[in-house]
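One structure is given below, encoded as structure tokens.
Quick note: the coordinates plus some simple rules give every number you see, no bench work behind them. What you are looking at is a predicted structure, and each value in this text was computed from that prediction instead of being measured. Neighbour counts run over all protein chains shown; Cβ positions are idealised from the backbone, glycine included.
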Amino acid sequence: MSQETANSSLPLRHWEGDPDRPALALHCMMGTGSYWGPIARQLGGQIDLRAPDFAGHGRAADWVAEGLDYHTAATREVARLIDRPLDLIGHSFGATVALRIAVGAPRRFAA
């Protein structure tokens, strides 16, 4: 697993896999991006998995309200990470962020 920061202020974890099958995994409200590690290992490189830490979680900075609610701010930050079609995976809060993004730009996702 490597760690990187992309076009977003969110720290991003990366488990390398098939470069033709990129995926972005979003954690629950009480989790961190690292929670996707066991799943990435079980998949054995079938997907190229990245997972951010939402603001106030894991290695991310604390969230500062700047006119947006937390959910909208998280959705916008995650959307900045998407630069090509990919699989979007989410658990609990992460699934609601994924749904908001998918509804807004459905052609950007493989699944």
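Values computed for the structure shown
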{"item": "Contour minus Cα-Cα distance for Phe109 and Asp69 (0.36 nm per residue)", "result": "11.9 nm"}
{"item": "Angle between the chain longest axis and helix 70-79 axis [Cα atoms, degrees, rounded to 10]", "result": "40"}
{"item": "Option label - P(r) over Cα pairs in 5 Å bins from 0, in percent computed here, alternatives (1) 2, 13, 25, 27, 20, 10, 2, 1, 0; (2) 2, 11, 17, 21, 23, 15, 7, 3, 1, 0; (3) 2, 10, 14, 14, 11, 10, 9, 8, 6, 4, 4, 3, 2, 2, 1, 0", "result": "(1)"}
{"item": "Nearest-0.05 FRET efficiency for Met29 and Asp87, computed from C-beta distance (R0 22 Å)", "result": "0.55"}
{"item": "Mean separation of Cα contacts under 8 Å, 6 or more apart, over the residue count of the chain: relative contact order %", "result": "30"}
{"item": "Within-15-Å neighbourhood charge of Tyr35 [Cβ basis; K, R +1; D, E -1]", "result": "+3"}
{"item": "Antiparallel bridge percentage (DSSP; both residues within the chain; nearest 5)", "result": "50"}
{"item": "Theoretical gain in end-to-end length, Asp62 to Ala95 [0.36 nm per residue, Cα-Cα removed]", "result": "9.8 nm"}
{"item": "Degrees separating the helix 93-104 axis from the principal Cα axis of the chain, which is the longest one", "result": "90"}
{"item": "Sum of side-chain charges, Ala23 neighbourhood, beta-carbon under 10 Å (Lys, Arg +1; Asp, Glu -1)", "result": "-1"}
{"item": "Helical contribution to [θ] at 222 nm, DSSP H n ≥ 4, -39,500 (n - 2.57), averaged over the chain, rounded to 500", "result": "-7500 deg cm²/dmol"}
{"item": "Dipole-positive endmost among Leu49, His71, Gly104 within segment 2-108 (Cβ charges, Cα centre)", "result": "Gly104"}
{"item": "Neighbourhood charge, 15 Å Cβ-Cβ cut-off, centred on Ala73 and excluding it, Lys, Arg +1 and Asp, Glu -1", "result": "-2"}
{"item": "Test item: Cα-centred dipole of the chain, Lys/Arg +1 and Asp/Glu -1 on Cβ, debye", "result": "200"}
{"item": "In segment 1-102, GluC sites (Glu not before Pro) in a DSSP loop with at most 16 other beta-carbon atoms within 10 Å", "result": "Glu16, Glu66"}
